[in-house]
Amino acid sequence: MAPLLDVDSLAVTLPGPRGPLPILHDVSLTVDEGELVGIAGESGCGKSLTAQTLLGLLPAGARITGTARFAGTDLLGLDNRGWQRIRGAGIAMVFQDPTAALHPMLTVGRQLTEHMRVHLRLDRRSATRRAVELLDQVRIPDPEQALRAYPHQFSGGMRQRAAIAIALAARPRLLIADEPTTALDVTVQAGILALLDRLRAETGLAVAFITHDLGVLSALTSRGYVFYAGRVVETGPTGSLLTAPTHPYTAALLGARPHGTQAVGTLRPIPGAPPAPGEAPAGCPFQPRCRYAEPACGTAPPPLAPAAADRSVACVVRPHLEVTAR
Amino acid sequence: MTTVHNGEPGAVTTTASRPRRAHPLLAFLAKRLAITAGLLLGVTVVTFGLVNVVPGDPVTANLSDQALNDPATVAAFREKWGLDQPLWQQYLHYLGNLVRGDLGVSQQTGRAVLDDLVRYVPATMELAIPTMLLALVIGTGIGMLAAVRNGRLTDQLVRVGALLGLSTPPFWLSLVVLYVFFYQLGLAPSGGRLSTGFSPPPTVTGMYTVDAALAGQWDVAWDAAQHLTLPVLVLTSLTVALLVRFVRSAMLEVLQQDYIRAAYAKGLPARVVLRRHLLRAGLVPVVTVSGLAFASLLSGTVLVESIFGWPGVGQYAYRSATALDLPAILGVSLFVALVYTLVNLTVDLLYGLIDPRIRLS
C-alpha cells in the first residue's frame, strides 16, 4: 500500500537578503496511515520548514523541487483552492506555542467550528455539537463553557488541547505536530503526548511529530527521521535508531541529552554550531563538528543510503559508535 | 458640557452608595468622568494663565484707534469685561459662572460663548463625522491591502500615495480641489453650508443635512450634502493618508503572528482569514489613531474651514484667538479638552470590545 504521505527529494530555497538560501536538501520521508513518525533535530535544521512546505505555507518567493504526494494528490502542484481543500481536512497542524497559535480575540468555539463549517459543510448547530465532542475527546472539562471562553482564560496545557481539537475538527488524515510540547511544563507534556497517541489509536490518524527531544521520540513514535542542516542524516525504527545510532550526529545528540539520574559531567555537548543556511561546508554538513571526520567527508554531501535492516544513514565513514548505555 | 460637569459627582455617589458592588464598567466610567472634570479645571487654569501672559491687550485688540484715545471708553471696556480686577479674581469669577453653565459672553460676537459653540460645533461635526466614517473604511481597506501585498507594486504605490497625502498642505489641496471640481467641472459648490435661496432647516442637531432630512426638506438636505462634498473630500484624503500608514504597519505585525498562519493552515479561504482574523487583531492600534484623528477633526480645521467658508469651531477659534477674546478662547479650549477626553474614553471602551484580554474584570 502506498504511504499516506510520500515526500521524495524535496528541496526548498528561500529568498534571502543576499541571494537565495537553500534550506532543505534532498529530503525524503514517508508517513503511513495511522503511523506516528518522529522528526528530530536541532533548532533551524529544517524540521518546521518541512511542515510549512507540506501545508503550502512557505513565504512568497520560495523555490521548491522534488515531489510531495499526499493520499494520491501532488501537493506541490496545488493551486490556492486545492491547498484550501487539503489544509485542515487532509493535513492539519499543531503549532509549537499554543498561546501564539490561537487567536486571542476569537472564542475557542469560533476557532473550533469555523473551518469545520467550511470543510464538512456543517450548520451552526451540528458544528457546535461536534465541537463539544472534540473538546470532550481532548479532555477539556465543561466543553460547553469552554466554547464561549477566550484562549487567555485557559492554562497552557488546556490551550494546546484546544489547539489539537481545532486541528482535528475537520477530520484530517495527517496531523503535523510541530514541537507541540516544547512551550509547556514537563508535567503537562506527558498528557499531551498520551493524548496524541490515544487519538492515533482511536481514529487511525497519522501523526508526524516534530521535536528536538529524543526522549519524546522514543516514547511515542515507531519510526524516526534525524534532520541536520536541512538534510535527513539518519532514519529507521525509533527503537534501534536510539539504541544503536549509525550516524555520528545521532550518537552525539544522544550523548548530549541529560537523563534524570545522570551527572552533568558525563554530558557530552556537541562542539560548534550547525551551519547557517547557505554556509554549509562543501561535503558532509556535520563534518566540521564530527569526531570521526575523514578527508573523504569533505568532497560531497553523502546521500542517504541503506544500512542495517530498515535503516538508512547519510555518512561515508560509518564509524563504530560507542553510545553511552542508558 | 456643564451638565456633565454638574452631573458627575452625583454619579460617583450613587454607584458607590449601592449596597451591591457597582458594576466595574460603571465604576470605570465614574472614575474617568471625575478625571475629566479635573482635567477641564486644569485646562481653564492653563488657558487663563496663557492668555494673560501673551503680549497683547484685549483692549487694543478690540477697540478702534479712536476709542483707544478716549480714556473713558477704555476704562468702560475694562470694567465691562472685568479686566480691571486682579487676575485671580477674574479667574474665580469665571469659574463661578462656569459652574452655573455660563461660559461668558464673546467680545467678538457679543453672544454667549455657549450659544456660539452650539452654533459652530454642529457645523464642524457635520464635516467630521462623514470624514471619519469614509476615512475608516477607505484607510483600513487600503492599509490592509498594502500589508497583504507587502513589498509588491500595490504596496509601493500605497506607501508613496500616503506619503504624498501626508506632505500635502491642507490649504493647497483645498485650492486644487476647488479649482478642479468647482471651477473646471462645476460639480460642487465652492463654499458655505447652503446655496443662496435656501434657509436652514429647523434646528434639531444643528447639522443641516440631518435636520433637513428630519424635517422632510429633501431639497435642502441635498443642497447641504452637496456643500459637504469638497471639504469632506479634502479632509478624508488627509485622514486616509494618516490612517493608511498605521493600518499597514499594524496589519503587517499581525500577519507575522502564528495565529494567522494557523488560520491559513486550517484551510480557511483567504478572505475569511483577512476579514475575521487579521482585521480583528489589527483593529486596536487602528482605533487609537482613528480616535486621535477624529478628536482633531472635531476640534475644527482652521484652514479647510476658512477656504470653504465653513462656519465651524476652527474658524471660531481662530477669530477668537486673533482678537484675544478671552471668554471665547476659554470656551473653545474647554470644548476641545472635552472632545479629546470623551474620544479617548470611547477608544478605551472600544479596546475592551475588540480585545477580550483588556476587558474590564
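The values are calculated or read from the model by the stated rules, or taken from the named source; none is laboratory data. These numbers were taken from a predicted model, which means no experiment stands behind them. Methodologically, a virtual Cβ is constructed for each residue, glycine included, from the backbone with ideal geometry; neighbour enumeration extends over all protein chains shown.
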Say we look at region A:134-172 and pick out the residues that are closer than 11 Å to A:VAL108 by Cα and among the small types (Gly, Ala, Ser); which of these is farthest from the other protein chains (Cβ to nearest Cβ)? A:ALA146
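Could you tell me whether any residue of region A:76-98 is away from chain B (no Cβ under 12 Å), part of a strand (DSSP E or B) and buried (at least 17 other Cβ atoms within 10 Å of the Cβ)? Lay out the reasoning, then the answer.
First, pick out the residues of region A:76-98 that are away from chain B (no Cβ under 12 Å): A:76-77, A:79.
Going one step further and asking which of them are part of a strand (DSSP E or B), we end up with none.
No, the conditions are met nowhere in region A:76-98.
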Restricting region B:251-309 to residues that are in a helix (DSSP H, G or I), within 14 Å of chain A (Cβ to nearest Cβ) and among the charged types (D, E, K, R), which is surrounded by the fewest Cβ atoms within 10 Å (Cβ to Cβ)? B:ARG271
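Here's the yes/no breakdown for (1) modelled with pLDDT under 80; (2) surrounded by fewer than 17 Cβ atoms within 10 Å (Cβ to Cβ):
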position	(1), (2)
B:ALA30	no, no
B:PRO55	yes, yes
B:ASN62	yes, yes
B:GLN90	no, no
B:GLY96	no, yes
B:GLY110	no, yes
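Out of all the residues in region A:179-186, is one or more crowded, with 17+ Cβ neighbours inside 10 Å, under 25 Å from A:GLU33 (Cβ atoms) and in contact (Cβ under 8 Å) with a residue 40 or more places away in the chain?
Let us first name the residues in region A:179-186 that are crowded, with 17+ Cβ neighbours inside 10 Å, namely A:179-181, A:183-184.
Filter once more, so that each one left must be under 25 Å from A:GLU33 (Cβ atoms): A:179-181.
Now narrow it down to the ones that are in contact (Cβ under 8 Å) with a residue 40 or more places away in the chain: A:179-180.
Checked region A:179-186: at least one residue is crowded, with 17+ Cβ neighbours inside 10 Å, under 25 Å from A:GLU33 (Cβ atoms) and in contact (Cβ under 8 Å) with a residue 40 or more places away in the chain.
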Can you tell me which condition B:ASP211 does not meet? The list is (1) out of contact with any helix residue (DSSP H, G or I) (no Cβ under 8 Å at 6 or more places or on another chain); (2) of a type in the set (Asp, Glu); (3) more than 19 Å from B:PRO130 (Cβ to Cβ), and all the others hold. (3)
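Being closer than 30 Å to B:LEU279 by Cβ and aliphatic (A, V, I, L, M) is true for just one of B:VAL99, B:VAL148, B:VAL118, B:VAL105. Which residue is that?
Working: B:VAL99 fails: closer than 30 Å to B:LEU279 by Cβ; B:VAL118 fails: closer than 30 Å to B:LEU279 by Cβ; B:VAL105 fails: closer than 30 Å to B:LEU279 by Cβ.
After applying the criteria, what remains is B:VAL148.
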Take the residues of region A:173-193 that are touching a Gly at 6+ places or on another chain (Cβ under 9 Å) and more than 21 Å from A:LEU205 (Cα to Cα): which is farthest from the other protein chains (Cβ to nearest Cβ)? A:THR187
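Kindly evaluate A:THR250 against the criterion of being under 27 Å from A:LEU106 (Cβ atoms) and of a type in the set (Ser, Thr, Tyr). Let's see the steps before the verdict.
Values: under 27 Å from A:LEU106 (Cβ atoms): no; of a type in the set (Ser, Thr, Tyr): yes.
Spelling it out, it is not the case that A:THR250 is under 27 Å from A:LEU106 (Cβ atoms) and of a type in the set (Ser, Thr, Tyr).
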From the option list A:THR246, A:THR250, single residue qualifying as under 20 Å from the mean Cα position of the chain (by Cα) and either surrounded by fewer than 21 Cβ atoms within 10 Å (Cβ to Cβ) or modelled with pLDDT of 85 or more (or both) is A:THR250
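Can you confirm whether region A:220-229 contains a residue that is at negative phi and assigned to a helix (DSSP H, G or I)? Give the steps one after another, and end with the answer.
Taking region A:220-229 and keeping what is at negative phi, we get A:220-228.
Narrowing further to those that are assigned to a helix (DSSP H, G or I): A:220.
Within region A:220-229, one or more residues are at negative phi and assigned to a helix (DSSP H, G or I).
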Do the conditions hold for A:ALA131, that is, is it part of a helix (DSSP H, G or I), crowded, with 20+ Cβ neighbours inside 10 Å and either within 12 Å of another protein chain (Cβ to nearest Cβ) or touching a residue at least 60 places away in the same chain (Cβ under 8 Å) (or both)? no
